[in-house]
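Since every read-out is calculated from the coordinates, none of them should be taken as a lab result. Computed from a prediction, not measured in an experiment: that's the story for all the values here. Quick reminder, even Gly has a Cβ in these numbers, built from the backbone with ideal geometry, and neighbours come from all protein chains shown.
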Amino acid sequence: MKLNRISKSTLYGLLLSSFLATAQKTNLEVDLTKSITKIQPTMYGVFFEDINFAADGGLYAEMVKNRSFEFNAPLMGWSQPNSSTHSMNKESGLALPMRTEGNPKNADFCRVTINNDKAYQIINEGFRGMGIKKDAKYNLSLKAANHDNAIKKIIIQFIDANKNVLGETTIVPSSSDWKDYSAQIIATGTEAKAQLKISFEGTGIIDLDMISLFPQETWKNRKNGLRKDIVQLLYDLKPGFIRFPGGCIVEGMTLDNRYQWKKTVGPVEDRETMINRWNVEFKNKQAPDYFQSFGLGFFEYFQLSEDIGAQPLPILSCGIACQYNSGELVPMEELDPYVQDALDLIEFANGAVTTKWGKLRADMGHPNPFNLKFIGVGNEQWGPQYIERYKVFAKAIKEKYPNITIVSGAGPSPDGTFFDYGWDELKKMNAEIIDEHYYKNPEWFKENAKRYDNYDRKGPKVFAGEYAAHPKGVEDGLKENNWLSALSESAFMTGLERNADVVYLTSYAPLMAHVEAYQWAPDMIWFDNLNAYGTANYYVQKLYSNNKGTDVLSITEDGKALTGQNDLYATAAKDANQKELIVKLVNTSAKVQDLSINLSGNGVESKGKMIVLTHEKLDDYNTLAEPTKILPVEKEYKTAGKKAAVSLPAYSFVVLKLKLK
């Protein structure tokens, strides 16, 4: 069979006509003349919880696990491979945990008996190893009591899996009484799984405690501070707030296991180590070595908030342990100390240096107030027990600090009996902000983009305090942070922003996870001992937070908001400070969609920029090996008068930024 020849230009014309005939076309209207509502500066924030080794072993840059021998098994994290407990080395030496009554908050220490200083050593494994970088400096400190001055030298080394030395320093213990010592190690190689080896010159007995190691390069180069690369990822989000310290960790599995902020301030060595409630929460993700040193405590949380320009939002126990666990209740007649903790926290954050808790803040290095404006009572409690306790907190806080905004909670789910009851009761009390949580599949997020369209405009405001799209479960690790989950969240968030008169604060959860020590997935940031990266979900959050604007504008198709019609979602905002129009557009379909946006009012400048976050495979995700597989791309954009033409790629989230005339 013979085919007729046609020119390339004719063929191109036919293909283009075919494409234009099948491509989805949508005409949108943006009204630049009228602000619908203000967008709160706190609209997009971050939620931190010490889950997935997010604090010790993560954000808090301490590299030694169980540095003060306070774990339930006092030598957990430490090994003594050549000790006299091994039959071949009966004469080398032995480390034993000891206890003193001198400091009940730091009662345990390690007594080392060295019989053969050529054979004995004690090794710390770190948090799934220690990440060290060639030529980087690491600051070591410890407490030692050298009995009879028998030990002449302490040798501290980085070693790799083959026992090769990757850096070394020494300390000469000069006192038989407890004394603080410090030294510095310069790493001679890069290793993600280094360990810390301690050996000795001399024979006899030496007591050791608070053996600590930090990189010299921390966030703002603070001594014994936070991990710089992780904080940088948070800083780049430009968050409006940081909610801390959780989460279920606030509640505890029992009341004894709850988070008590007063135990996390003051000298670091006096902060009482406690088992982390996520230690044994999931049978398939047991973490028996997961404890809280509280080196990252409430002072450090406030300081971090200030560093990255975010409002601090602390959440405190309301006297109810996690209702998924024990549900233990403090009797109402014994609630006063819990309420006093809330009042004292406000004094710690904002009080004058002449007050008890304001003085402690000043003594810790921050005489100026932290300017706390929000406080949360309870995490995700439910039922009458929560409401009756919340009433007591609210009354006491408002009587003493009427300008503090109180965040309450509507339970662990976005609907159902507990949720409805909580909202009804809190609304009767004129509650200010109610925290809602939802962990659902991606379809739920797309279907609920108009969730807040019909909320009472005169009722309590909403804090979308914990949410994330879960493609499967919580066991799939990094795969949970695929492009499908992030794209569905970007669609849902158009509804949060469009309803900014109701929704005042929002935060994805959880914030971060160690790739080898996580209990829960998905998570916004993943890290190992050397590197950290943002997921596709992180970049969705960043695009919203960095481009939120100050005022919501109307963007419609045929007079209706885009909430999923033809798989399209949209929101528009004006930034009165930058004099910009910001349009966020989401295409959740598998085909390109062409939009024509009519701009009423004075119009925009001809040149702007477009930021595109897209990926062809919904099940792809970023990894440590490929941290930028799914990444926003920015390019120049040109308008034609009062019209903006946009071609939305399949599976895409696009931010259009245009200067207002």
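The table that follows gives values for the structure above.
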quantity: Distance from region 481-525 to region 326-390 (C-alpha centre basis), Å; calculated: 28 Å
quantity: Cβ-Cβ FRET estimate between Ala576 and Trp444, R0 fixed at 35 Å, reported to 0.05; calculated: 0.55
quantity: Förster radius 25 Å - calculated FRET efficiency between Ser606 and Glu29 (Cβ-Cβ, nearest 0.05); calculated: 0.80
quantity: Lysine pairs meeting the criterion (Cα under 23 Å, 8 or more apart or interchain), as found in region 409-521; calculated: 14
quantity: Contour excess over end-to-end distance, with Cα ends at Asp148 and Glu475 and 0.36 nm allotted per residue; calculated: 112.4 nm
quantity: Sum of -39500 (n - 2.57) over DSSP H runs of 4+, divided by residues of the chain (222 nm, nearest 500); calculated: -5500 deg cm²/dmol
quantity: Peptides ranked, highest mean first, by Cβ atoms within 10 Å: ranges 353-363, 296-306; calculated: 296-306, 353-363
quantity: Lysine pairs with alpha-carbon atoms under 14 Å apart, region 78-215, spacing 8 or more or separate chains; calculated: 11
quantity: Rounded if a/c under 1.5, otherwise prolate or oblate - region 506-659, Cα gyration tensor axes; calculated: prolate
quantity: Stretchable slack from Asp135 to Met332, in nm (0.36 nm times residue separation minus alpha-carbon distance); calculated: 65.2 nm
quantity: Matching label, Rg and Dmax of the Cα atoms in Å computed from the structure shown, candidates (1) 36.7, 158; (2) 26.5, 84; (3) 28.2, 104; calculated: (3)
